[in-house]
Amino acid sequence: MRVAVAEDGALFREGLVMLLRAAGQEVIGWAADGDRLVALLSSQPADVAIVDIRMPPEPDGGLITAQRLRAAHPDLGLLFLSHYAESHYLMRILQIGTERIGYRLKEKVGSVEVLTDTLTRIHNGEIVIEPVLAKRLVDRPRGDKKDSLAALSDRELDVLRLMAEGRSNTGIAGQLYVTPKAVEKHIANIFAKLGLPPDTTTHHRRVLAVLTYLRSQRTQS
């Protein structure tokens, strides 16, 4: 996989490049700011670009850079890294796209296994969300959402958390040691109980629907 990196912290950037190479990825180049990354990718194609959310040319430069990149390279995967899991960043990221996109904590991608899994899922068209953030969105219900989530069984809550992480039905089944058919049934029950219509498109669309619902309930409280 061809990967480009944009990170203004020199030590973290160098460590990330070393980790990517150890994972067998081809690092086509790296930059300290968004403008240089855009220039790099204008001449060299990549499969995924890794961007620091808070980097030059402005406080949240990674988000602005990603918008420019997605407009110029619609098939480019985007992995956002941050020191903090913030729901408002997640919502801005989802406005950029819901395919081939991810949001992870820097401290959580420090192993070859996690980084490889994240990049592969993004490259395959999935949306990848930091598990701690997905869990927070599900576990802190407010307003009317309390009643809706209270109707979910413990297993359905487990499935909802994994859906919010961007897991596919097969991935959820593997995590919970159940069959994909059982996962499909749980998801149908979740949508019914949350008042969301069943979605027959790919799983990341369903994730977006769930996260949008959770966000709307939080803002109403």
What is the one condition in (1) more than 20 Å from Arg92 (Cβ to Cβ); (2) modelled with pLDDT under 80; (3) not in a helix (DSSP H, G or I) that Leu152 does not satisfy?
(2)
Check segment 172-183 and report whether any residue there is modelled with pLDDT under 90, in a helix (DSSP H, G or I) and not polar (S, T, N, Q).
no
Would you confirm, using the coordinates I've provided, whether Asp8 is at pLDDT below 95 and in contact with a strand residue (DSSP E or B) (Cβ under 8 Å, 6 or more places away or on another chain)?
yes
Of (1) within 18 Å of Asn124 (Cα to Cα); (2) aromatic (Phe, Trp, Tyr); (3) surrounded by fewer than 18 Cβ atoms within 10 Å (Cβ to Cβ), Phe12 fails just (1)
Condition first: modelled with pLDDT of 80 or more, out of contact with any Leu (no Cβ under 6 Å at 6 or more places or on another chain) and charged (D, E, K, R). Can you find one or more residues in segment 127-149 that meet it?
no
Here are some conditions: (1) outside the structural domain of Phe80 (by TED's automatic domain parsing); (2) surrounded by fewer than 20 Cβ atoms within 10 Å (Cβ to Cβ); (3) modelled with pLDDT of 80 or more; (4) not hydrophobic (A, V, I, L, M, F, W, C). His186 meets all but one. Which one does it not meet?
(2)
Pairs with Cβ under 7 Å, 6+ apart, first in segment 23-49 and over 20 Å from Val114 (Cα atoms), second surrounded by fewer than 18 Cβ atoms within 10 Å (Cβ to Cβ) and acidic (Asp, Glu):
Ala32/Asp8; Asp33/Asp8
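Here is a yes/no grid of residues against (1) surrounded by fewer than 17 Cβ atoms within 10 Å (Cβ to Cβ); (2) farther than 23 Å from Arg21 by Cα:
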| position | (1), (2) |
| --- | --- |
| Asp35 | yes, yes |
| Leu40 | no, no |
| Asp47 | no, no |
| Val51 | no, no |
| Ile93 | no, yes |
| Tyr103 | no, no |
| Thr118 | no, no |
Criterion: of a type outside the set (Ser, Thr, Tyr), surrounded by 14 or more Cβ atoms within 10 Å (Cβ to Cβ) and within 28 Å of Arg136 (Cα to Cα) - qualifying residue of Leu20, Leu78:
Leu78
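The values are calculated or read from the model by the stated rules, or taken from the named source; none is laboratory data. Because the structure is predicted, anything quoted here is derived from the model rather than measured. Glycine gets a Cβ as well: all are built from the backbone with ideal geometry, and neighbour counts include every protein chain shown.
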